[in-house]
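Notes to accompany the following structure.
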Amino acid sequence: MTVATLFFEDLEVGMSASLLRTVMQSDVVGFAELSGDRNPVHLSEHFAVKTPFGGRIAHGLFTASLISALLGTRLPGPGAIYLSQTLNFRAPVRIGDVVTAQVEVIEINPERKRVRLHCECLVDGTPVLDGEALVKVPSRGQPVPE
């Protein structure tokens, strides 16, 4: 994937980006290993079938990590510094679901070189996660590591 560098001066309210990701069993197991969150609702069908979800679900923060991927690679992209993120978990994500993660610029603060973005993840058009991110974006005159 080619990653384009957008500078603060390139951004406008309404700009958006998205990505698709099919949630695989290996994603859930790998995230459990990486995070240490081995809650059986994520790892054991025998356990999870007895929960209100009726089966295994992906970690909410795995889904949220797709937003991080967008912010760091597409909009705003390389050099963006994550400052804060709100998250609202709306519905479960299951193994095999195709998640559409999307971000949209909703506010630009020229004095502080910060951008607020609406963030959302959907499965079959249904919101499963939403929130807002605040990122600091480098100006055209600042070097961005290659």
Length gain on complete extension for the stretch S44 to K136, per 0.36 nm per residue less the alpha carbon to alpha carbon distance? 29.2 nm
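From the helices alone, meaning DSSP H stretches of at least four residues, give me the mean residue ellipticity at 222 nm for the chain, per-run term -39500 (n - 2.57), in deg cm²/dmol to the nearest 500.
Working: 4 runs with 33 residues, N = 146.
That comes out to -6000 deg cm²/dmol.
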Which angle between 0 and 90 degrees, to the nearest 10, do you get for helix 60-73 versus the longest principal axis of the chain when only C-alpha atoms count? 20
Find the eigenvalues of the gyration tensor of the Cα atoms of the chain, then list the square roots of 5 times those eigenvalues as equivalent ellipsoid semi-axes, largest first, in whole angstrom. 32, 15, 12
How far, in degrees from 0 to 90, does helix 25-35 lean away from the longest principal axis of the Cα atoms of the chain, to the nearest 10? 70
Once you order the gyration tensor axes a ≥ b ≥ c over the Cα atoms, which shape class does the stretch 19-62 get: rounded for a/c under 1.5, otherwise prolate or oblate by comparing a/b with b/c? oblate
Between T86 and E9, what FRET efficiency follows from the Cβ-Cβ distance if R0 is 30 Å, with the result rounded to 0.05? 0.70
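All of the numbers you see were taken from the coordinates with simple rules; none came from a lab. Here the structure is a predicted model, which means the values were calculated and not measured. Neighbour counts run over all protein chains shown; Cβ positions are idealised from the backbone, glycine included.
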